[in-house]
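Input: a single structure, listed below in structure tokens.
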Amino acid sequence: MSTAVISRRGPRTPPVERPVISNTQLAMAAVIIAELMMFAGLVGGYLVFRLRTTVWPPEGLPRLPVVLTALNTAVLLASVLPMHAALSRVRADRLPEAGRAATWAAALGGLFVAIQGFEWVRLVRHGLTLGSSVYGSAFYVLIGCHAVHVLLAIAFVAGVTVLVRRGRLDADHHAPLEMCATYWYFVVALWLGLFPLVYLY
């Protein structure tokens, strides 16, 4: 009787082994490497101008708001917590909580960009523009490029949040959120390098 049961079930299929690194992780790694190469070129150009100038910033141009930007850095750094929480919640199939956490991460990123925009308006009013000097152009190109990446990350989070809220992601299928979180961590880590270089050095 047991033999009949075994024959009815048929041979067991071996469990599917997941690769150590998924295709989505490889794709995101390629994107981040390309972004790092681009920012390496921008930072290299910035350092060339910085090291050739004895007075930085040049006389007659406003100094950068270090205290405000330090507080803004804390805002961006704090966004890592809800992003990590969103990833943890979706892995536990707690989708509503994951959606709320991702929304908080995007909101903090938006606040970071808004404060930066306020900072730039004040700098422009004090004479620091893209065409005012090499100092101004180097500052706006490097920091502006990072701001664009934060906006792209916010759009990425917003799109993934919609998928979470519609139940398109779950504990077994959440690669878009993993990619989004990885890119978000990259943008935050990049700023932690740019802030001391541009504002403190």
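Table for the structure above
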| quantity | calculated |
| --- | --- |
| Test result for residue 199, out of contact with any helix residue (DSSP H, G or I) (no Cβ under 6 Å at 6 or more places or on another chain) and closer than 21 Å to residue 38 by Cα | no |
| The lone exception for residue 92 - which of (1) closer than 23 Å to residue 174 by Cα; (2) of a type in the set (Gly, Ala, Ser); (3) within 21 Å of the chain's Cα centre (by Cα) it fails | (3) |
| Top-ranked residue in the stretch 150-169 [being β-branched (Val, Ile, Thr) and under 27 Å from residue 39 (Cβ atoms); ranked as nearest to the chain's Cα centre (by Cα)] | 150 |
| The stretch 136-154: number of residues that are without any contact (Cβ under 8 Å) to a residue 40 or more places away in the chain and either surrounded by 19 or more Cβ atoms within 10 Å (Cβ to Cβ) or more than 26 Å from residue 197 (Cβ to Cβ) (or both) | 1 |
| Enumeration of residues in the stretch 59-81 that are surrounded by 19 or more Cβ atoms within 10 Å (Cβ to Cβ) and farther than 29 Å from residue 129 by Cα | 79 |
| Flag if residue 182 is surrounded by fewer than 20 Cβ atoms within 10 Å (Cβ to Cβ), in a helix (DSSP H, G or I) and among the polar types (S, T, N, Q) | yes |
| All positions within the stretch 161-179 that are part of a loop (DSSP other than H, G, I, E, B) and free of Cβ contacts under 8 Å to residues at least 24 places away in the same chain | 166, 168, 172, 173 |
| Within the stretch 57-111, tally of residues that are in a loop (DSSP other than H, G, I, E, B), out of contact with any Gly (no Cβ under 6 Å at 6 or more places or on another chain) and at pLDDT 95 or above | 0 |
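The values are calculated or read from the model by the stated rules, or taken from the named source; none is laboratory data. Since the model is a prediction, treat every value here as computed from it, not as a measurement. Note: ideal-geometry Cβ built from the backbone for every residue, glycine included; neighbour counts use all protein chains shown.
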